[in-house]
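Scroll down for the structure; my scribbles are underneath it.
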Amino acid sequence: MFLHCQRWAPALLLALAGCASVPPSAPARLGLKLAPQALGATVSVQQHLVVERAGRIDELDAALEVEPSHLDLVGLAFGQRVLSLHYDGKDMTSWRHLMLPAQVRAEDVLEDMQLTLWPREAIAQALPAGWRIEDSGLRRTLFLHDEAVTVIDYSGMPRWSGTVVLDNLRYRYRLTIQNAPEGS
């Protein structure tokens, strides 16, 4: 079983970091639910995630498995499973540890994962009016009415290799994802 937390990790880690409040002016989440096949690749990676928010740092180990028919995510904190997510492009099932706050929502995790990994073209087609996404080299930026909302920096390609840093300007957190080299 693999831990999947590219998109789910930010929400989980934010919860671990005390993410109970969202700025009152923050727009609603996008509600992205792109089909796993839209990634255009089969991915299986182990990850170490670090979330920084309001001076606090929390960590989570995870594994991500994406195949054309589904994606699966499992996250561990302190050696214990704290979340899992399965999505087949239509239906999503999730489990979270009772100790996680209600703000940890599978939909938010899926959205962050897809913003980070899926091709820009697939995301752009699914964005609501007023939103746009741009890739420039190893940087991806999500805009709402020309204001940057999320900035994602990659250390290399493909996007699920190396280190990924997601700065969510709307919810004021930074997620650093260190992907383990293949075969480790």
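The values are calculated or read from the model by the stated rules, or taken from the named source; none is laboratory data. This structure is a prediction, so every number in the text was calculated from the model and none was measured. Backbone-built Cβ (ideal geometry, glycine too); neighbour counts: all protein chains shown.
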How many of the residues making up region 124-163 are aliphatic (A, V, I, L, M) and in a strand (DSSP E or B)? 7
Please work out which one of (1) of a type outside the set (Asp, Glu); (2) out of contact with any Ser or Thr (no Cβ under 7 Å at 6 or more places or on another chain); (3) over 17 Å from residue 48 (Cβ atoms); (4) loosely packed, with under 13 Cβ neighbours inside 10 Å is the condition residue 172 fails and give its number. (4)
Name the residues in region 123-143 that are closer than 18 Å to residue 155 by Cα and of a type in the set (D, E, K, R), would you? 134, 135, 139, 140
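To keep it simple, each residue is scored yes or no on (1) assigned to a loop (DSSP other than H, G, I, E, B); (2) modelled with pLDDT under 90.
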residue	(1), (2)
14	no, yes
21	yes, yes
34	yes, no
74	no, no
Within region 77-92, how many residues turn out to be under 14 Å from residue 58 (Cβ atoms), out of contact with any Lys or Arg (no Cβ under 8 Å at 6 or more places or on another chain) and surrounded by 17 or more Cβ atoms within 10 Å (Cβ to Cβ)? 1
Residue that is crowded, with 17+ Cβ neighbours inside 10 Å, closer than 18 Å to residue 58 by Cα, among the aliphatic types (A, V, I, L, M) and at pLDDT 90 or above, where the choices are 164, 104: 164
Out of (1) at pLDDT below 95; (2) under 14 Å from the mean Cα position of the chain (by Cα), the one residue 140 does not meet is (1)
From the set of residues in region 76-86 that are assigned to a strand (DSSP E or B) and at pLDDT below 95, which is farthest from the chain's Cα centre (by Cα)? 80
Among the residues of region 143-161 satisfying the criterion of being over 22 Å from residue 40 (Cβ atoms) and not acidic (Asp, Glu), which is surrounded by the fewest Cβ atoms within 10 Å (Cβ to Cβ)? 145
